[in-house]
Amino acid sequence: MTDTMIPRVQLGDWVATFVDWLTSTFRPVFDVIKTVLLAVYDALETVLHAPPFWVVAVLLAALAYAAKGWRLGLGTLVGFVVIASVNQWGNAMDTLALVLLASAIALAIAIPLGIWAARNDRVSAVVRPVLDFMQTMPAFVYLIPVVTIFLTGAVPGIVATVVFALAPGVRFTELGIRQVDKEVVEAGHAFGSTPGRILRQIQLPLAMPTIMAGVNQVIMLSLSMVVISGLVGAGGLGGDVVAALQRINISLGFEAGLSVVILAMYLDRVTSALSSRSPVAKALATTSA
Amino acid sequence: MVPERKVARTARMTTSTEPAPADGTGAPAPDPSTTPTDRPTAVSVQGVYKVFGRKPAEAARRLEQGAGRDAVKALGTAAVIDASFDVKQGEIFVVMGLSGSGKSTLIRMLNGLWKPTAGHVLLGDADLATVSATRLRELRRTRVSMVFQHFALLPHRTVLDNAAYPLEIQGMGKAERRQKAQTALDLVGLGGWQDSLPSQLSGGMRQRVGLARALAADTDVLLMDEAFSALDPLIRREMQEQLLELQQKLGKTIIFITHDLNEAMHLGDRIAVMRDGRIVQIGTAEQILSDPANDYVAQFVADVDRTRVLTASSVMVRPTAVVPLASGPRVASRTMREAQVSAAYVVDRQRVLQGVVRDDDAVAALKAGQETLDGIVHDGVAPVSVDTPLAELFAPAAESSLPVAVTDDDGRLVGVIPRVTLLEAMVPPEQVTTSDLPVDAEDQLVTEGARP
Ligand SMILES: Nc1ncnc2c1ncn2[C@@H]1O[C@H](COP(=O)(O)OP(=O)(O)OP(=O)(O)O)[C@@H](O)[C@H]1O
Ligand SMILES: [Mg+2]
């Protein structure tokens, strides 16, 4: 039916053509990216896999204990025993490696971008809608171009995750820096400090609690995307979730899903505890008291 | 009772009783008689405008052409309108005005934190509008520091490291800067608190950390935005005295913002009163008090403790009954008869005060055929200096039945203060008509009894 006067715009085709062009033109660049990512991922995976289960579990529990207290440490240990008992420990470590790597890359991009946006209104005006777009685009859609470029495996999973998890890192960093008391920043200027020094000595430390909240968000989004990346063969818990979906295997689905939940809780509690333990956060907490 | 006041500093205030030309419109020119013109200008503000909002430049242009503040409202908020003044080295220049009158905006332009929409700010010979960013930073490190209205401390640093911050930016080594910062903290009475975080201090203590920080920077120009507002009265008083002392010792140029008229009067060599972005009057405390430029200023000064601000020179009157030392009893008695008083001050050829002669002594000497005043000039007078505050005049006025004699630095009689004038001077000007002001109050001399 042609009941509308508006001609069909081949927007999707254009994007497809663009991605094809990108793939063929930047082949060498993508190859380098792929090789590097794969190497780092393999190394990380090996580190988490090589020691016996209990060594890694106790170390991670110790981290939780140090960050928050004995309750979280104990809870962590129990949770990890549950994961191991349903035979998902290996998958969980693969997923953890993916999450850590993707989050690290996302933050390495997001924090400088957030700083830039905080200091330059024009950058902020450009970045904001792009972030909105990235955050609201259904997560699966990212997988399509990424697969055409990187084929299947861990690398397309990592790249899609980085793109998907970037937004809150940028947003929280910008917000945190913009929220720093203007007069304190002015004091830095008034005594003749340079903008770079003001950023390091005043803005970043005071924005740190907010930036850490962003870090937490980035990690949580990474985890959810890493699981979805099971669709493109990224492996880990996501691989089993996808397999369970395809075979309508309720028991496998539940065990893999439960492991994701435990891992998510662990990552969330530890990162939020770490952010509230920073000296700045403590100093600021007493201010409002 | 009125607290004692240090008088030494006021010596450089004007001794003239002539009020400055009051000019309610536009920026009044600084009165040359009160500006220590011999000293170089530290900060010069020349036709400065600051407008916040959508079209600041357009708004400033209209204001320059004479538009009112409300007329440009649609274009933006005019926070400072056509401000011009020079602050001399070693001067304490006070800016006062109600909330929102543009004081903080003005002071922020003096160290380039905010750029004027129009006009120029000169710091020494550097025009802040045109200096490079590097030079501006250097000026801030070496020439001008600031105390912020809301303290603006670094919450994640200890009190000591806050006070040491400017020195750190100046590139001073850790040990040395900490030692200097500690000295500054001791000076503001915060020795012992150096390891606390700002959040652990009270508002007044935080304000003093901000003060210590600015003092530690050791620049010759100090910008102080309501620097004492959070202090309780006793400490405030102490800080004021310390600031005066510091200023005298080190010759700092201080631009001080305050809401408190008494503080302004106490500290300021000159005071600028702001209203709705404009400077409505600039003058010494006495000029503003005795001759407010308009009702706004008059209302402002209505509640001041006048006895602490006005000095002998501003209320004294011309002595009518003065007898030359070289004359005799005949001249003395005639002078007193004509002035209808029963005692007269005796001065020598240089008008240096010698003492007092009484009518009965003069008449007795006349009857005895005496030709000179020898033996009848009593030296039991305690003259006060021209810059004695009114508060310190009550005791001499009460002790003596004569009008209080006022002498200058060389001991010359420059005026007298009858008791009634003293009492009258305490009434704010809007409650007395101009004809009642001290200059015309000489007639009241006659009412002063001469006998002890
Ligand atoms: N950054 C800004 N943006 C817009 N308007 C501002 C800004 N800063 C100040 N203003 C406006 O400028 C005017 C003067 O403000 P300013 O802070 O200079 O007043 P103030 O005399 O210091 O008052 P207070 O005694 O309350 O500190 C006010 O009307 C205020 O709303
Ligand atoms: Mg203010």
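Here the Karplus curve 6.51 cos²θ - 1.76 cosθ + 1.60, taken at θ = phi - 60°, turns the phi angles of the range A:256-268 into couplings of 5, x, 4, 5, 4, 4, 4, 4, 4, 4, 4, 4, 5 Hz, with x standing for Gly and Pro.
Here the sum of -39500 (n - 2.57) over DSSP H runs of 4 or more residues, divided by the residues of chain B, equals -9000 deg cm²/dmol at 222 nm, to the nearest 500.
For the range B:111-149, a drop of 30 Å² or more in accessible area on going from the chain alone to the assembled protein chains (1.4 Å probe) is found at B:113, B:137, B:140, B:148. Over 25 Å apart at the Cα level, from the set B:174/B:249; A:68/A:182; B:88/B:249; B:115/B:249, are B:174/B:249; A:68/A:182; B:115/B:249.
Residues of the range A:165-189 whose accessible area (probe 1.4 Å, heavy atoms of protein chains only) drops by at least 20 Å² once all protein chains are present, relative to their chain alone: A:183, A:184, A:186, A:187, A:189.
Would you mind getting the Kirkwood hydrodynamic radius of the protein assembly as shown from its Cα pairs, rounded to one decimal in Å? Across the protein assembly as shown, the inverse of the average 1/r is 32.2 Å.
As a ratio to 2.2 N^0.38 Å, the alpha-carbon radius of gyration for the range B:163-274 is 1.07.
Magnitude of the Cβ-charge dipole of the range B:132-238, K/R +1 and D/E -1, about the Cα centre, nearest 20 debye?
280
Close amide H contacts of residue B:119 (hydrogens built in the peptide plane, cut-off under 5 Å, sequence separation of 5 or more or a different chain): B:49. For the range B:313-425, DSSP calls about 70 percent of its internal beta bridges antiparallel.
In the complete set of protein chains, residue-level accessible area for residue A:274 is approximately 80 Å², probe 1.4 angstrom.
Placing +1 on the Cβ of every Lys and Arg and -1 on the Cβ of every Asp and Glu, with no other charges, gives the range B:313-425 a dipole of roughly 440 debye about its Cα centre.
Look at the dipole of chain B built from charges on Cβ: of B:332, B:297, B:396, the Cα furthest out on the positive end belongs to B:297. On association of chains A and B, roughly 2100 Å² of accessible area becomes buried (total for both chains; probe 1.4 Å).
For chain A, the square roots of the Cα gyration tensor eigenvalues, ordered a ≥ b ≥ c, give a/c of at least 1.5 with a/b no greater than b/c, which places it in the oblate category.
Orientation-averaged projection of the range B:119-224 equals 7.1 nm² [convex hull of Cα atoms, one quarter of hull surface area].
Using a 1.4 angstrom probe on heavy atoms only, work out the carbon and sulfur share of the accessible area of chain B in %.
The computed percentage sits at 50.
Quick check on chain B: take the gyration tensor over C-alpha atoms, sort the square-rooted eigenvalues as a ≥ b ≥ c, and tell me if it's rounded (a/c under 1.5), prolate or oblate. Prolate shape, in that a/c is at least 1.5 and a/b is the bigger ratio.
Along the axis of the charge dipole computed for the protein assembly as shown (Cβ charges of +1 for Lys and Arg, -1 for Asp and Glu, origin at the Cα centre), the listed residues A:163, B:105, A:176 are led at the positive end by A:163.
Contact residues in the range B:152-201 (at least 30 Å² less accessible area with all protein chains than alone, 1.4 Å probe): B:152, B:154, B:155, B:156, B:165, B:168, B:169, B:199. Here the protein assembly as shown is treated with +1 on each Lys and Arg Cβ and -1 on each Asp and Glu Cβ, and its dipole about the Cα centre works out to around 2460 debye. For the set A:222, B:84, the ranking by accessible area, highest first and with no ligand, DNA or RNA atoms included, is B:84, A:222 under a 1.4 Å probe. Ordered by 1.4 Å accessible area with all protein chains kept, B:137, B:213 run largest first as B:137, B:213.
The alpha carbon gyration tensor of the range B:313-425 gives principal lengths a ≥ b ≥ c with a/c of 1.5 or higher and a/b greater than b/c, which makes the shape prolate. A simple spin-label model places pseudo-atoms 7 Å from Cα toward Cβ; at residue B:127 and residue A:30 they are separated by 5.8 nm. Computed over protein heavy atoms with a 1.4 angstrom probe, the accessible surface ordering of B:379, B:260, B:276, largest first, is B:379, B:276, B:260.
Note that the range B:134-193, at 37 °C in a medium of 0.692 mPa s, gets a Stokes-Einstein diffusion coefficient of 266 µm²/s from its Kirkwood radius over C-alpha pairs. Here the sum of -39500 (n - 2.57) over DSSP H runs of 4 or more residues, divided by the residues of chain A, equals -27500 deg cm²/dmol at 222 nm, to the nearest 500. Backbone phi angles across the range A:228-240, fed through the Karplus curve with coefficients 6.51, -1.76 and 1.60 (θ = phi - 60°), yield HN-Hα couplings of 4, 5, x, 4, 9, x, 6, x, x, 4, x, x, 5 Hz in residue order; Gly and Pro are listed as x. For the range A:233-274, the Cα-based Rg and Dmax, in that order, read 12.4, 40 Å.
Estimated at the nearest 10 Å², the accessible area of residue A:14 is 150 Å² with a 1.4 Å probe.
Cross-link partners of residue B:367 among aspartates and glutamates, defined as those whose alpha carbon lies under 16 angstrom from its own and excluding same-chain residues fewer than eight positions apart: B:359. Here the range B:63-104 and the range B:150-188 have alpha carbon centers that stand 33 Å from each other.
Dipole orientation for chain A: of the candidates A:82, A:252, A:67, A:67 has the Cα lying most toward the positive pole (charges on Cβ; Lys, Arg +1; Asp, Glu -1). With a simple spin-label model that places each label point 7 Å from the Cα along the Cα-to-Cβ direction, the separation between residue A:4 and residue B:410 comes to 10.0 nm.
The values are calculated or read from the model by the stated rules, or taken from the named source; none is laboratory data. On a predicted model such as this, the values are computed, not experimentally measured, just so you know. FYI the Cβ positions are ideal-geometry reconstructions off the backbone, even for glycines, and counts take in every protein chain you see. For the accessible areas, the whole protein counts, side chains as well, though only heavy atoms, and no ligand, DNA or RNA atoms are used. Shrake-Rupley method; radii C 1.70, N 1.55, O 1.52, S 1.80 Å.
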